[in-house]
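The structure under discussion appears below in the form of structure tokens.
The values are calculated or read from the model by the stated rules, or taken from the named source; none is laboratory data. Worth saying up front: this structure is predicted, and the values here are computed from it rather than measured. With ideal geometry, Cβ positions are generated from the backbone for all residues, glycine too; neighbour counts draw on all protein chains shown.
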Amino acid sequence: MNKYLVEFLGTLFLVTVIFVTGNYLAIGAALAIGVLLGGAISGGSFNPAVSVSLYNAGKLSMNDLMLYILVEVLGGVAGFMLYNNLLK
């Protein structure tokens with residue numbers, strides 16, 4: 001359960017930083033912070049394409065892949081909604 005929460009929050013944070021700043025250095029720093037804080041728990045993919053790559057490398061099961069994709073998409077939508085409704 002914790003790994004899915006980490007993926008959700010990491011994706012939410014990353015997407016929010018992308019929309020708020022649009023600065024590639026800030027985006028890279030946000031990704032680095034997310035991976036440093038959550039990488040040991042979930043692997044720190046924060047992106048469905050990276051999750052698919054981890055599955056193809058044999059590091060994620062199919063069940064984990066589907067749940068990772070779901071929580072990452074939900075985290076991305078939540079990040080956009082946070083930006084659109086509160087920060088814009």
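Out of (1) within 25 Å of L87 (Cα to Cα); (2) within 11 Å of the chain's Cα centre (by Cα); (3) surrounded by fewer than 19 Cβ atoms within 10 Å (Cβ to Cβ), the odd one out for A49 is which?
Result: A49 fails condition (1) only.
Could you list, ordered by first residue, the pairs with Cβ atoms under 7 Å in which the first is in segment 1-27 and of a type in the set (D, E) and the second is part of a helix (DSSP H, G or I), at least 6 apart or interchain?
Final answer for the pair search is E7/S42; E7/Y68; E7/V71; E7/E72; E7/G75.
Per-residue answers, yes or no, for (1) crowded, with 18+ Cβ neighbours inside 10 Å; (2) at pLDDT below 95; (3) under 17 Å from E7 (Cβ atoms):
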residue	(1), (2), (3)
I27	no, no, no
N56	no, no, no
K59	no, yes, yes
M66	no, no, yes
G79	yes, no, yes
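One line per residue, one yes/no per condition, for (1) of a type in the set (S, T, N, Q); (2) part of a loop (DSSP other than H, G, I, E, B); (3) farther than 14 Å from A78 by Cα; (4) touching a Gly at 6+ places or on another chain (Cβ under 7 Å):
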| position | (1), (2), (3), (4) |
| --- | --- |
| L14 | no, no, no, yes |
| I33 | no, no, yes, no |
| A40 | no, no, yes, no |
| S45 | yes, yes, yes, no |
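Condition check: touching a residue at least 12 places away in the same chain (Cβ under 8 Å), on the phi > 0 side of the Ramachandran plot and under 13 Å from the mean Cα position of the chain (by Cα). Does G43 satisfy that? Even if it seems obvious, please write down each step before you answer.
Values: touching a residue at least 12 places away in the same chain (Cβ under 8 Å): yes; on the phi > 0 side of the Ramachandran plot: yes; under 13 Å from the mean Cα position of the chain (by Cα): yes.
For G43, the condition - touching a residue at least 12 places away in the same chain (Cβ under 8 Å), on the phi > 0 side of the Ramachandran plot and under 13 Å from the mean Cα position of the chain (by Cα) - is met.
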